[in-house]
Amino acid sequence: MDRMAADKPLTPAVFHALLALADGAAHGYAIMQAVEETAGFQMGPGTVYGTLSRLEESGWVEEATAQGGDARRRYWRLTGAGHTALRAESARLAALADLVRAKKLAPHGAQVR
Amino acid sequence: MRGMDRTDGATSFTVRVSLIAYRWLLHTYPRGFRARFAAAMMEDCKALLQESRWILHAWRLLLRDLAASVPREWWRTWSSGRTKPMGLLESGPPPSHDRLPMWIEPNARRRARRWHVSRMLEAWARDFRHATRSLARAPVFTVVALATLALGIGANTAIFSVVNSVLLRPLDYEDPDRLVTLGSSHPDRGQFFPLSYPDFRDLRAESNRLAEIAFTVGETVLLRGDDLTERVPTAYVSDGFFSLLRTSPLRGRTFLAEEEQRDSGASVAVLSHGFWQRRFGGDPGIIGQTLDFADFPLTIIGVMPAGFTFPSWAEVWTPLAPVAGRFPTLEQRDYRVDQTVIGRLKAGVTLAEANAELEGVAFQVPCRVGLRVA
């Protein structure tokens, strides 16, 4: 599979997984829940871990040791490259949002979902 | 983090069964993926199941997720050159043919491939052992799954047997859709009774819609033998029985017209295929031998083919008229036990037309004659 590139648009699964990790390390189930809240769609375990392992291959996330959390769970956090990719995608989306608003297709302050 | 504060203690039965099923489904993922994430996925699945209000909603998500992610992970495994073959890490790498001299390379390649295949088979065997152990650990699930399979397969087989014999496979006789069983129904009761022998005689004389009509009555007869004396279900048949069913014997012949006369003194028998095989071991020289019935020895003149089983219980057929004296009840019009009347409709006559005609046939005993497709 191709490496993910920061200059290409990210798939929704990848973007939302990165977004869920923006606040700090989280485990797979927390990512599933965060995605459901921010994106409005549900991600199953297979999709979450598939995405995470691809992100890891690209060097965007890494496994973190559990600090005080559940030892059975695996925690993940963004790497520097992951932050960069997330920021690049966010900027792209923000520009897109500006464009959409300039065309009066969406009001300011619209909900994500 | 909502799922974290749940305790493991109160896990409901459905959740436990679901988790066992999910653990099984995880085997559809490539080995490497499973080895790394299966434990975490089980944890997530458990949290998901416990938190969802309807277990079916959770399952809808899980199944959709499996359907989407399993092919993706396999594709990643296959298309990625960096993925190591199964089992590689457990017992060392295959012989590297990079370092081997050129001239032995083909063999080394073959060896390496054979090594991969044997590793793969081992992996399958390991998966199989793991599966049996998992099943043994979860006896309730195993029993439920096996019972479901058994009932499902059993029900399918049973229904297919019926559909096959009733709908798909026609009767083993010529023009089976013209064959009918005749019976009578009492005006008050509406049941379907057999006809008596006098009924049969009257019908044969009066009906214009039936091309042929035949009567049979059964009895078990004591057959003497050197090592085995047994009771043989025997069908006494009226003349025209075999020609009505349009079946030729496998060996020998069926009854001649003169053998079916009351005073012919003939004593002949036709055997069923099953009886010929069972009692006589399929003896090719069976024709002409004596069937040693205790009261009236018969000469065997024919054997019917395997598909001919009418009446279903019959092992031996013999003409009714010469032995009619054995049945004192035969001439009673209201005696309707163990007797069957069959008929063959004339070409172009429908069942409804024949029934309409039979309505008009008057009997001394109040009854209404009806037809039923055999």
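The values are calculated or read from the model by the stated rules, or taken from the named source; none is laboratory data. Since the model is a prediction, treat every value here as computed from it, not as a measurement. Positions of Cβ are generated from backbone atoms using ideal geometry, with glycine treated the same way; all protein chains shown enter the neighbour counts.
What strands (runs of 3 or more DSSP E) completely inside the stretch B:236-325 contain at least 1 residues that are more than 22 Å from B:Glu174 (Cβ to Cβ) and among the polar types (S, T, N, Q)? Can you show your working first?
Working: elements: B:268-271, B:298-303, B:316-319.
In the stretch B:236-325, B:298-303, B:316-319 are the strands (runs of 3 or more DSSP E) which contain 1 or more residues that are more than 22 Å from B:Glu174 (Cβ to Cβ) and among the polar types (S, T, N, Q).
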Looking only at the stretch B:55-69, which residues are more than 8 Å from every other protein chain (Cβ to nearest Cβ) and either closer than 18 Å to A:Phe41 by Cβ or at pLDDT 90 or above (or both)?
B:His57, B:Ala58, B:Trp59, B:Arg60, B:Leu63, B:Ala67
Please find, among B:Gly252, B:Gly225, the residue that is over 33 Å from the mean Cα position of the chain (by Cα), of a type in the set (Gly, Ala, Ser) and under 17 Å from B:Val316 (Cα atoms).
B:Gly225
Scanning for something assigned to a loop (DSSP other than H, G, I, E, B) and among the charged types (D, E, K, R), does the stretch A:33-43 turn up at least one residue?
no
With the first residue restricted to the stretch B:20-44 and required to be more than 7 Å from chain A (Cβ to nearest Cβ), and the second required to be among the aromatic types (Phe, Trp, Tyr), Cβ contacts under 6 Å at 6 or more apart or on different chains are B:Ile20/B:Phe141; B:Pro30/B:Trp74
